[in-house]
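Contents: one structure, followed by commentary.
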Amino acid sequence: MAKNKQKAKNRGDAPALGFVGFLRWIWTQLTSMPTALFLLLMLAVAAVPGSIFPQRSVNPELVTQYLDQHPVAGPWLDRFQMFEVYSSAWFSAIYILLFISLVGCITPRIKKHAKALRTPPPRTPAKLERLPQYHSMEVMEDQPDTPTDDQLIDDAYKILKKRGYRVERRDDATGRSVSAERGYTREIGNLLFHISLLGILATAGLGQAYGYGGQRVVVEGETFVNSLVSYDSFSPGSNFSADNLQGYSVKLDKFDILFDRDSKDYFGQPLDFTAHVQVRENPDAEPVKQELKVNHPLRIDGADVYLVGNGYAPVVTVRDGEGNVSYSGPLVSVPQDSVYTSLMVIKVPDAKPEQLGFQGFLLPTALVGEDNVAFSGDPNAINPQLQLNSYYGDLGLNSGEPQNVYVLDTEKMTELNSRNLDAGGIVLGAGDTYELPDNLGSITFDDLKRYIALDVNYDPGKWPIAIFSGLALLGLIISMFTPRRRVWVKLKNEDGRRSIEYALLARGEDPRLERESDELQKIFDKAWPLASQEQDLGAVNG
Amino acid sequence: MGSNAALEPINETLGVYSQLFMLLAAMVYMVVFIFFALDLAKTNKSISEMDAAALKEDEKLLVSAGAVARPGRGRRGEDSRADNVGEHIVTDKMEYTKLSSSRKMARIAVVLMCLATALHGFAVFARAFAANRVPWGNMYEFMSTGALVVSVVYLVALFFKDLRFMGSFISGLVTLMLCGATIGFPTPVGHLVPALQSPWIVIHVSIAVFASALFAISFAMNVLQLMQHARMKRIAEGQPDKMPFMRVVPGAGALENFAYRLNTIGFAMWTFTVIAGAIWAEAAWGRYWGWDPKEVWSFVIWVVYAGYLHARATGGWTGPRSAWLSIIGFLCVVFNFTIVNIFFNGLHSYAGV
């Protein structure tokens with residue numbers, strides 16, 4: 001068996017080893033550096049499609065849109081998980097293999113380094129002059145302060161120790177010497193970096209499993225209570241339980257936007273969004289006034305609330321053909337451009353005798369252009385106006401299929417008001433009421449409010465990830481900028497002529513090795529009476 | 001709402017001066033580029049002359065002393081080959097042995113480059129003062145400030161190492177970036193959009209720009225390394241040296257080592273950029289990582305450079321192979337900065353286009 005393995009190693013391909021041997025071979029291959037390098041580069045390549053194709057995790061609507069637009073390629077891309085690249089089988093396979101390879105690589109290194117930390121610096125080589133940084137200096141014997149052998153070795157020991165080297169006296173057949181090594185933290189930093197990467201991966205998964213995320217739109221005057229029913233959309237982690245929802249509430253008093261009014265070039269561009277809110281940490285707590293801004297989330301008890309969008313919410317009242325109020329309240333409109341020309345849809349399923357539907361635009365500052373078409377001239381509500389078409393018939397809400405609240409399905413409805421009909425479109429200024437044709441009802445534009453879109457996020461993995469990232473960076477810096485080097489100082493005695501030899505050896509990249517050698521030279525010159533004559537073999541290039 | 005009470009007003013006059021100086025700087029950089037190119041052309045010529053002189057001298061020696069007197073340098077072929085690889089002009093520590101004093105064109109180029117950088121620096125700072133904020137809030141500013149960082153890093157590096165052989169690359173790159181900024185993305189000075197109003201813009205973007213500048217410089221070295229490698233291979237095969245000016249350029253090994261050191265620092269900075277970006281993303285968008293196209297490409301860059309470091313440090317991939325990885329890494333940086341900013345639809349769309 002052992003012989004077989006040896007043979008296999010020599011050939012470098014899969015041998016007939018039996019199951020265990022085969023596993024061992026796989027393991028050796030997986031944990032080898034070329035494999036790790038290959039996986040690393042694969043990971044880079046595999047990440048790219050996620051930036052080209054829309055991702056379900058980022059924006060599911062864009063994926064649906066893409067599938068509609070590419071009826072042939074779309075489903076194929078979907079089959080290859082191109083719309084969920086980062087949770088796909090192939091992407092996961094690459095990074096899981098990479099991390100297994102990483103574990104296989106660092107485990108023996110940890111063992112090895114733990115041993116190195118307990119081992120004295122290596123024996124002094126017999127021929128120091130073969131090392132890259134080598135110097136030899138003769139000791140002048142006739143000086144009053146000429147040191148003895150013991151003194152020389154003691155001094156060298158102290159000097160190197162002071163410079164942060166781990167030192168060991170040696171006395172063997174080739175003579176007396178001091179061997180020294182420094183920079184053990186380099187490997188520790190390197191290991192810390194890699195272990196921290198494992199930590200990041202592990203906690204990212206855990207954080208997602210126990211966390212949750214949700215969206216909610218809040219109109220001025222409304223209160224958002226953190227419970228499952230009050231979310232517009234909610235995505236819990238796999239191990240999430242509703243008991244984890246913190247019972248806070250956020251009331252939106254007022255939402256202010258500051259637009260640029262000074263600049264010619266950027267007139268009307270938003271400069272600041274501020275939501276004035278009242279936060280209750282729990283149902284019994286006193287409300288606390290706070291400001292919610294972009295880049296300044298509300299941090300409540302671990303769950304964070306972010307301001308991610310805003311728009312206008314016109315308040316309308318719709319009366320049906322029988323004179324009853326069948327809808328009254330704010331409606332969220334969707335801004336389409338920088339002047340907040342906003343798309344709006346009103347569905348009134350309770351209207352009788354016919355269900356009513358409206359769709360059209362809110363113009364915050366309505367102006368009429370040369371072609372007689374109204375447009376919005378400013379993002380602020382200076383002259384708000386609703387421009388609507390109306391429909392009656394079946395809204396299609398009873399079919400059981402989920403509907404988009406921002407889209408009116410007019411398939412089973414009849415147009416009542418539009419530019420193309422004699423009745424014309426509905427134009428409502430603030431406070432105006434319009435009577436629908438055929439006594440089907442009326443609509444009133446009561447008021448205009450603003451709304452904000454909130455993202456709520458709870459991710460318990462956040463802090464561990466931050467800590468692991470910090471450790472990774474620390475480890476990286478330590479491992480990159482701590483040189484690991486060995487120094488040997490040797491006392492030579494040839495026919496009564498004593499000389500000091502020293503040599504340096506870098507372990508890993510060490511551009512400053514020569515500078516260290518020069519430093520040592522200076523220190524030795526100061527410590528001992530040394531002849532200036534030297535053989536500077538190491539410094540010669542080529 | 002008559003004025004923007006919350007923010008200091010924009011000094012538009014200063015903004016206009018900034019744009020003017022940016023153009024001036026771009027023009028001077030172009031002249032710098034020409035002088036650096038002239039330096040290389042002239043070096044080409046003077047090296048040939050030097051070779052001719054050395055040849056004559058050698059022949060004289062051979063005649064007077066006889067071939068036996070110089071056992072180590074007996075065969076002419078070997079000798080001229082050693083000359084050709086540039087050993088006599090620049091050492092592996094990038095120290096020049098001769099020629100450096102005679103490079104008048106390069107000296108003029110460096111002086112002009114200092115002037116251009118001063119103009120450029122004024123333009124960038126004027127813009128910052130005009131808007132009362134850091135000058136990196138849109139594509140125009142990323143490019144013009146990034147170009148300034150490249151230029152300053154290069155000039156500072158000149159104090160320590162004679163990197164004038166890279167002058168035409170650096171001045172060319174800076175000219176290109178300034179032209180790209182002023183022609184491709186002309187943007188009048190203005191306030192930051194709310195999404196960018198965060199202290200993290202100071203940290204995250206500046207370190208990203210710095211790291212990119214380092215990657216750019218080591219990219220140039222790796223390209224030269226490949227050229228040098230190919231040239232030496234040709235010479236070793238006994239073919240004529242088509243690019244004698246490459247003898248002012250250090251050997252492939254020296255370039256590789258120096259580029260590696262820069263890339264190491266660049267990688268640490270990029271790691272910090274990504275972490276700072278994640279912290280900012282958490283505060284702005286509610287998640288520290290969301291595979292936004294910009295995040296994807298930052299990750300790709302990080303992985304490619306990580307691969308490069310492993311390849312070189314432990315994988316034994318030295319020479320051209322590791323150079324290619326570094327070049328791919330920088331191409332990803334450029335892609336992330338241009339194509340992703342402009343064409344990819346994501347949260348980092350502040351290009352002002």
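The values are calculated or read from the model by the stated rules, or taken from the named source; none is laboratory data. Please read these numbers as outputs of a predicted model, since none were measured by experiment. Here Cβ is always computed from backbone atoms with ideal geometry, including for glycine, and neighbour counts include all displayed protein chains.
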Could you check how many residues of the stretch A:254-281 are without any contact (Cβ under 8 Å) to a residue 24 or more places away in the chain, more than 7 Å from chain B (Cβ to nearest Cβ) and in a strand (DSSP E or B)? 2
When you go through (1) on the phi > 0 side of the Ramachandran plot; (2) in contact (Cβ under 8 Å) with a residue 12 or more places away in the chain; (3) not in a strand (DSSP E or B) one by one for A:Glu411, which number turns out not to apply? (1)
For the stretch A:241-291, what are the residues that are at positive phi and of a type in the set (A, V, I, L, M)? none
Are any of the residues in the stretch B:231-242 on the phi > 0 side of the Ramachandran plot, assigned to a loop (DSSP other than H, G, I, E, B), surrounded by fewer than 18 Cβ atoms within 10 Å (Cβ to Cβ) and not polar (S, T, N, Q)? yes
For the list (1) closer than 30 Å to B:Pro188 by Cα; (2) modelled with pLDDT of 90 or more, I need the number of the one condition that B:Asn138 fails. (2)
Check B:Phe245 against each of (1) farther than 30 Å from A:Leu307 by Cα; (2) at pLDDT 90 or above; (3) surrounded by fewer than 23 Cβ atoms within 10 Å (Cβ to Cβ) and name the one condition it does not meet. (2)
List every residue pair whose Cβ atoms sit under 9 Å apart, with the two residues 6 or more apart in sequence or on different chains, where the first one lies in the stretch A:198-217 and is over 19 Å from A:Gln246 (Cα atoms) and the second, anywhere, is among the basic types (Lys, Arg) and in a helix (DSSP H, G or I). A:Thr203/A:Lys462
Looking only at residues in the stretch A:451-480 that are more than 8 Å from every other protein chain (Cβ to nearest Cβ) and surrounded by fewer than 21 Cβ atoms within 10 Å (Cβ to Cβ), which one is nearest to A:Ser333 (Cα to Cα)? A:Ala453
Quick one: is A:Asp447 part of a strand (DSSP E or B), closer than 30 Å to A:Gly199 by Cβ and in contact (Cβ under 8 Å) with a residue 12 or more places away in the chain? no
Just one of B:Ser168, B:Ser144, B:Ser212, B:Ser206 is in contact (Cβ under 8 Å) with a residue 40 or more places away in the chain, more than 14 Å from chain A (Cβ to nearest Cβ) and closer than 20 Å to B:Gly15 by Cα; which is it? B:Ser144
Check on B:Val189, within 14 Å of chain A (Cβ to nearest Cβ), out of contact with any helix residue (DSSP H, G or I) (no Cβ under 6 Å at 6 or more places or on another chain) and under 22 Å from B:Val124 (Cα atoms): no
If we keep just the residues of the stretch A:282-295 that are at pLDDT 90 or above and more than 14 Å from chain B (Cβ to nearest Cβ), which is farthest from the chain's Cα centre (by Cα)? A:Glu286
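Residue-by-condition table, conditions (1) on the phi > 0 side of the Ramachandran plot; (2) modelled with pLDDT under 90; (3) more than 14 Å from chain B (Cβ to nearest Cβ):
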position: A:Lys5; (1), (2), (3): no, yes, yes
position: A:Ala14; (1), (2), (3): no, yes, yes
position: A:Gly50; (1), (2), (3): no, no, no
position: A:Ser57; (1), (2), (3): no, yes, no
Taking helices (runs of 4 or more DSSP H) that do not extend beyond the stretch A:19-114, which have at least 1 residues that are free of Cβ contacts under 8 Å to residues at least 40 places away in the same chain and of a type in the set (Ser, Thr, Tyr)? A:49-52, A:60-69
Expected single match for without any contact (Cβ under 8 Å) to a residue 24 or more places away in the chain and either of a type in the set (Phe, Trp, Tyr) or touching an Asp or Glu at 6+ places or on another chain (Cβ under 8 Å) (or both) among B:Gly307, B:Gly286, B:Gly316, B:Gly253 is B:Gly286
When you go through (1) touching a Pro at 6+ places or on another chain (Cβ under 7 Å); (2) part of a strand (DSSP E or B) one by one for A:Leu428, which number turns out not to apply? (1)
So B:Gly329 ticks every box in (1) of a type outside the set (A, V, I, L, M, F, W, C); (2) facing chain A (nearest Cβ under 10 Å); (3) assigned to a helix (DSSP H, G or I); (4) more than 26 Å from B:Leu224 (Cα to Cα) but one. Which box is left unticked? (4)
Failed condition for B:Pro135, given (1) in contact (Cβ under 8 Å) with a residue 40 or more places away in the chain; (2) surrounded by 18 or more Cβ atoms within 10 Å (Cβ to Cβ): (1)
Residue list for the stretch A:294-308, filter: farther than 13 Å from A:Gln246 by Cα and surrounded by 16 or more Cβ atoms within 10 Å (Cβ to Cβ): A:Val294, A:Asn295, A:His296, A:Pro297, A:Leu298, A:Tyr306, A:Leu307
In the stretch A:61-109, which residues are under 20 Å from B:Glu295 (Cβ atoms), polar (S, T, N, Q) and in contact with a helix residue (DSSP H, G or I) (Cβ under 9 Å, 6 or more places away or on another chain)? A:Gln81, A:Ser88, A:Ser92
I'd like the full set of residues that are within 10 Å of chain A (Cβ to nearest Cβ) and acidic (Asp, Glu), limited to the stretch B:246-286. B:Glu282
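Conditions tested, residue by residue: (1) at pLDDT below 90; (2) surrounded by 16 or more Cβ atoms within 10 Å (Cβ to Cβ); (3) of a type in the set (A, V, I, L, M).
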site	(1), (2), (3)
A:Lys347	no, yes, no
A:Gly357	no, yes, no
A:Leu362	no, yes, yes
A:Val368	yes, no, yes
A:Ala374	yes, yes, yes
A:Ala381	no, yes, yes
A:Ser390	no, yes, no
